[in-house]
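Taking it in order: structure first as structure tokens, then the write-up.
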Amino acid sequence: MKRFFVGVMLFVLVVSAMGAVKLVVWSGGGTERQGLEAAIAEYKKLNPDVDFEIVDVPYAQYEQKVRLGIMGGDLPDLVTITYPYAPGYMQYMLDLTQYVQKYLGITPEQFKNAMYDVVRIRVTDGDAVRYVPLHFTMQCLWVNVDYFKKAGIPYPPFGGRSDPWTWAEFIDVLKKVKQANNIPYAMSMQRTAERLFNYLGIRGVKILDENLDFTLDKDPKAKQMLTEFVDLFKQNLMVPAEWISNQDPNMAFTGGLSAVLWAGSWSTLDLLKAGKNFAPAYLPKDAEWLSLEGGRFFGAFRTGKKDREEAAAKFALWIGWRGLGYDIYLRTTYHMSAYKEHTVKYDNPIMDLVQAVCGRLAEVTPAWVVTIRNSTLYSNMQTAIQNQASAAVAGQINVDEMIKNLRKEYDRLLSELGSKK
Amino acid sequence: MSSLVKSRFIFVVPALVFLSLFVLIPIASIFTMSFYSWDLLRPPKFVGWNNFRLMLEDKWFWNSIWVSIKLLILTVPMTFFIPMALALALYRETRSSKILRAFFYWPYMMPAVAGTTMWKWLLSYDLGLLNHILKSCGLSPIGWLLKPAPALFSIALLRTWAMTGLLMMMFITGLQNISEEYHEAAKIDGANKWQIFWYVTFPLLRNTNLLVLTTAIAHVFRDFAGIYVLTGGGPGYSTMVTPLYIYNSAFTQFRIGYAYAMSVVFLLISFVIAMTTLRVRENR
Amino acid sequence: MAKAIKWIFLVLALVFYMLPVYYSVATSFKSLQEVYRYPPTIFPTSPTLQGYQEAIRNQELLTYLKNTLFVSIVATLITVIICVMAGYGLAKGTFPGKYALNRLVVMTLFISAQVIMVPLFVIIKRLELINNLWGLILPAVYTPTGMFTAIQYMRDIPDEMLESAKIDGANEWQIFWKIVMPLSQPLVAALAIFSFTWRWNDFVLPLLVVNRRSLYTLQLALAVIQGEYGGVPWNTILAFSTLTIIPTLIIFLLFQRFFMRGIMAGGLKY
């Protein structure tokens, strides 16, 4: 009898252990982890039979780790993926379409159409939905409100004017705010190919066109726009050390040496921590009005284990859909929402401004901004773009040489990749 | 069996097992993979000599080798003589030297990213402590990282700073291996301190000198973590050393085959440099 | 006079070497606002433990410490043993291929972990050492710098000593244990210090091998705090890295005791 009882106990134990699914999640640590943890705590209340293990992977080595995982077959159930790498991993990701109706009670079309267009292009692969948005960001301007007040300059859209600055107005504003506050520079910007792409896009120049052809040496405006970019550093409107030696732009901006920071909405939490009076503003509008999207997506790997895949998909849709876990994630991390007309109750009103400014920028950004950058060709060119621009700002090469070198790099990459796609 | 023991080969065997398994086999596969095109996702594709052909035309790769050699020439004398001077000052077992050694070893213990970031802050043009001090003394600030020459020098300085702990301890170990009798004999012969150093200690340190020199060359030549943080290879490509260039190709562009082809060439160049050093030193 | 020059040199060197170290420790006691303040502050104006609290928050620090200690100590033991043995064999051996093997060791000095990372991962995977602390130990115990240090050290041991022991009837193992090992105390101490520092600060292997939080090492945890983009919480990172240096410092001070005159006076006849 006793033996029987023990046997039953063991059986119950084994079965209950089997019933509980433990999902492994890879995340980049930091705020991302905090956001995931906050959402998971809530999810576990609703689904006590699911458990999670979050494994932090250092951000700088994230892609190495993911690729080695795919190569060696050691994959987590769920993973966050930085946007430039998202297309490369799509084939290893579970198609979430079939679960949308089941777990969210809406059609896949409704699901996709709720996102900003720039997000939808990134997360879908034909009809399939490979990712849900996690944190989504748009480039915008951050202004030092005190400096702008002192200079008596209004800024759009919540600082006394509604329309974005034209380029000429913007340059004028930079000069004035620098002079009025007697600061050494006007604007800080991180050294990345993406920022240069954004600048050139606004000025009506594309590095690659929609067919992924290299256009800098064909576009008559390209040389002038690049020269004007380099001149911003020569006039100390922008901070040379940032583009020459990769100085952290947050240092000059939060330290009060510059009045404007050209950065993503993801800076919000960092800027709040710096404890100064900052506000988001529109990027200027010239030939085009556009901004660059970015961020991290969340997806479930195809692990071949049906019950785990199902549990992973269910959680992914829960944390990635507005009104559910997504809101908890956003409130914790101070990221903006990837969904249109989605109001999140943040505990700091600054986030409403960020959502309004960056949401508007997301709406006006044309699709080509995403499709061009969603290519292997462009992502492999980024290092060269960044280094060539750095050399041009440092005065080691002129703009003509920069364009010529980038053309060479493009041709080499093209021949190596075999095709543009 | 007894000949294995007699020739003392048996002592080498354990190390040889680990060496083969975890260094030689990976190296062999790097040589093999340099003939493939591979992004770690799709299956590798055999491309013959194509990676090497691309390399010949890759101006930035050859530029990076030139930068590496320049950095080597700039850094190695510093990483040789400064640790040697410190070791000479500190090799005796006094209380003060024991404590001071720990301080000089400290930078070597610091995680590379933390140490380099501190340097970056100290050297920053606008916000750096060094320029701040210069400015408050009424001097004009220096663009440590803004021009190719000072940037290269700053990197050399940082490498020296980071490696001194290791090399100083090597010198101290070597110095302590020298019998005091030699010095006593020289003293009796009436030699002064400098003479003792140049004519007695320095020649006796021959194997240690070789150790330090080769270690310094190898470390300066292969490392890139500091440069990655300090300048990211800039301005432009002026501090883009080969390991950093290879790293970028391999792990930001995921051109693994090409990166390995470059690694193969770089390893061969390293090897030539190392052999030259050894030959020059050993023949003396 | 010479003494004065020596101390002036030491003090100047100390300032140069300690400036970044001091600055990082000082920064670890600053608030994040102060970290980003301009002009930079040399002393924390209002010292805070905020960075340290953040560093240990949500971290299973004791687990990481245990893992790191286990890996560092075991790997150091193995490294010291195989390096001293092989150093002796490669310096004083008489087997064919000795020259080539010596050259091979020098060549391995030039190979960085980052370069062989991918094939190394494949081997570790084949040996089923993924998610196993031995996967952090075994691939790392052959250290080129340690090997080379041992070889060069052993070369300085006079052949006469080994010969005279042989004449006295000692076999090879006795020579190694009774003559070579006692002479190698400074070497053992140096190798132990180096190896411990390397394993303690190792980052590539943990990155490749570990997929579970329960197997994290301190350096992996540190790399994770560095987080995603700019605006890095520097006070937290520097607090964490200051904490991680302490054990290495203790090991350094402990092993220094083993540094002593290698070759005892009177032990040699020239």
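The values are calculated or read from the model by the stated rules, or taken from the named source; none is laboratory data. Treat the numbers as computed from the prediction; the structure is a model and nothing was measured. So basically every Cβ, Gly included, is an ideal-geometry build from the backbone, and we count neighbours across all protein chains shown.
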remark   = Over segment A:347-384, the set of residues surrounded by fewer than 20 Cβ atoms within 10 Å (Cβ to Cβ) and touching a Leu at 6+ places or on another chain (Cβ under 8 Å) is A:Asn348, A:Ile350, A:Val364, A:Pro366, A:Ile372, A:Ser375, A:Thr376, A:Leu377
query = Out of all the residues in segment B:99-118, is one or more without any contact (Cβ under 8 Å) to a residue 24 or more places away in the chain and more than 7 Å from chain C (Cβ to nearest Cβ)?
reply = yes
message = Can you find, within segment A:214-246, the residue that is nearest to the other protein chains (Cβ to nearest Cβ) among those that are surrounded by fewer than 20 Cβ atoms within 10 Å (Cβ to Cβ) and of a type in the set (S, T, N, Q)?
response = A:Asn236
note = Within segment C:23-43, the residues that are part of a helix (DSSP H, G or I) and under 20 Å from A:Leu257 (Cβ atoms) are C:Tyr23, C:Thr27, C:Leu32, C:Gln33, C:Glu34, C:Val35
task = For segment B:251-261, name all the residues that are within 14 Å of chain A (Cβ to nearest Cβ), under 23 Å from A:Tyr62 (Cα atoms) and assigned to a helix (DSSP H, G or I).
result = B:Phe251, B:Ile256, B:Gly257, B:Tyr258, B:Ala259
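Can you name the residue in segment C:105-119 that is more than 7 Å from every other protein chain (Cβ to nearest Cβ) and modelled with pLDDT under 90 and, of all such residues, is nearest to the chain's Cα centre (by Cα)?
Once the filter is applied, the top-ranked residue is C:Ala113.
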request  = Could you list, in sequence order, all residues of segment B:70-98 that are within 14 Å of chain C (Cβ to nearest Cβ) and within 19 Å of B:Tyr237 (Cα to Cα)?
outcome  = B:Leu72
request  = Mind counting the residues in segment B:31-72 that are among the aromatic types (Phe, Trp, Tyr) and surrounded by 15 or more Cβ atoms within 10 Å (Cβ to Cβ)?
outcome  = 6
query = For segment B:176-194, does any single residue satisfy the condition of being among the aliphatic types (A, V, I, L, M), in contact (Cβ under 8 Å) with a residue 40 or more places away in the chain and at negative phi?
reply = no
inquiry  = Consider segment B:1-57. How many of its residues are of a type in the set (A, V, I, L, M), at the interface with chain C (Cβ under 7 Å from one of its Cβ atoms) and over 30 Å from the mean Cα position of the chain (by Cα)?
reply    = 1
key: Test: residue in segment C:91-104 that is assigned to a loop (DSSP other than H, G, I, E, B), of a type in the set (Gly, Ala, Ser) and more than 8 Å from chain B (Cβ to nearest Cβ)   = yes
message = Given the condition within 14 Å of chain A (Cβ to nearest Cβ) and either assigned to a loop (DSSP other than H, G, I, E, B) or in contact with a strand residue (DSSP E or B) (Cβ under 9 Å, 6 or more places away or on another chain) (or both), answer yes or no: does some residue in segment B:162-179 qualify?
response = no
ask   = Which numbered condition trips up C:Ser184, out of (1) of a type in the set (Ser, Thr, Tyr); (2) assigned by TED's automatic domain parsing to the domain that holds C:Thr68; (3) closer than 30 Å to A:Gly69 by Cβ?
value = (3)
message = Looking for something touching a helix residue (DSSP H, G or I) at 6+ places or on another chain (Cβ under 7 Å) and within 14 Å of another protein chain (Cβ to nearest Cβ) - is there at least one such residue anywhere in segment A:360-373?
response = no
Segment A:384-421, subset part of a helix (DSSP H, G or I) and of a type in the set (Val, Ile, Thr), residue nearest to the chain's Cα centre (by Cα) = A:Ile385
request  = For segment B:224-249, name all the residues that are part of a helix (DSSP H, G or I) and within 17 Å of B:Trp62 (Cα to Cα).
outcome  = B:Thr242, B:Pro243, B:Leu244, B:Tyr245, B:Ile246, B:Tyr247, B:Asn248, B:Ser249
task = Examine segment A:122-133 for a residue that is modelled with pLDDT of 90 or more, closer than 17 Å to A:Gly294 by Cβ, touching a helix residue (DSSP H, G or I) at 6+ places or on another chain (Cβ under 9 Å) and of a type in the set (A, V, I, L, M), and state whether such a residue exists.
result = yes
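Looking at segment C:31-75, which of the residues that are of a type in the set (Lys, Arg) and within 12 Å of another protein chain (Cβ to nearest Cβ) is farthest from the chain's Cα centre (by Cα)?
Among residues in segment C:31-75 that are of a type in the set (Lys, Arg) and within 12 Å of another protein chain (Cβ to nearest Cβ), the one farthest from the chain's Cα centre (by Cα) is C:Arg37.
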task = Return the residue satisfying two criteria in turn: it lies in segment C:120-161 and is assigned to a helix (DSSP H, G or I) and of a type in the set (Phe, Trp, Tyr), and of such residues it is farthest from the other protein chains (Cβ to nearest Cβ).
result = C:Trp134
request  = Report whether or not C:Val115 is in contact (Cβ under 8 Å) with a residue 40 or more places away in the chain, in the same structural domain as C:Val188 (by TED's automatic domain parsing), under 22 Å from C:Trp198 (Cα atoms) and hydrophobic (A, V, I, L, M, F, W, C).
outcome  = no
key: Residue selected from segment B:212-227 under the condition within 14 Å of chain A (Cβ to nearest Cβ) and touching a residue at least 40 places away in the same chain (Cβ under 8 Å), by the criterion surrounded by the fewest Cβ atoms within 10 Å (Cβ to Cβ)   = B:Ala225
task = Please go through segment B:73-95 and pick out each residue that is surrounded by fewer than 18 Cβ atoms within 10 Å (Cβ to Cβ) and more than 18 Å from B:Phe171 (Cβ to Cβ).
result = B:Ile73, B:Arg95
message = For segment C:169-217, give me the residue count where each residue is within 25 Å of A:Trp26 (Cβ to Cβ), out of contact with any Lys or Arg (no Cβ under 7 Å at 6 or more places or on another chain) and without any contact (Cβ under 8 Å) to a residue 60 or more places away in the chain.
response = 2
task = Taking only segment B:127-148 into account, find how many residues are within 12 Å of chain A (Cβ to nearest Cβ) and out of contact with any helix residue (DSSP H, G or I) (no Cβ under 7 Å at 6 or more places or on another chain).
result = 5
key: Matching helices (runs of 4 or more DSSP H) fully within segment B:1-103 where at least 1 residues are out of contact with any Cys (no Cβ under 9 Å at 6 or more places or on another chain) and under 20 Å from C:Ser112 (Cβ atoms)   = B:13-19, B:25-33, B:50-57, B:59-90
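Restricting to segment A:18-36, name every residue that is more than 22 Å from A:Ser267 (Cβ to Cβ) and in a helix (DSSP H, G or I). Explain how you work it out, then say what you get.
First, the residues of segment A:18-36 that are more than 22 Å from A:Ser267 (Cβ to Cβ): A:18-26.
Within segment A:18-36, A:Met18, A:Gly19 meet the criteria.
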ask   = Assuming C:Arg212 fulfils every condition listed in (1) out of contact with any helix residue (DSSP H, G or I) (no Cβ under 9 Å at 6 or more places or on another chain); (2) more than 19 Å from A:Gln61 (Cβ to Cβ) apart from one, which condition is it?
value = (2)
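Please verify whether B:Pro83 is in contact with a Ser or Thr (Cβ under 6 Å, 6 or more places away or on another chain) and of a type outside the set (A, V, I, L, M, F, W, C), treating the condition exactly as stated.
For B:Pro83, the condition - in contact with a Ser or Thr (Cβ under 6 Å, 6 or more places away or on another chain) and of a type outside the set (A, V, I, L, M, F, W, C) - is met.
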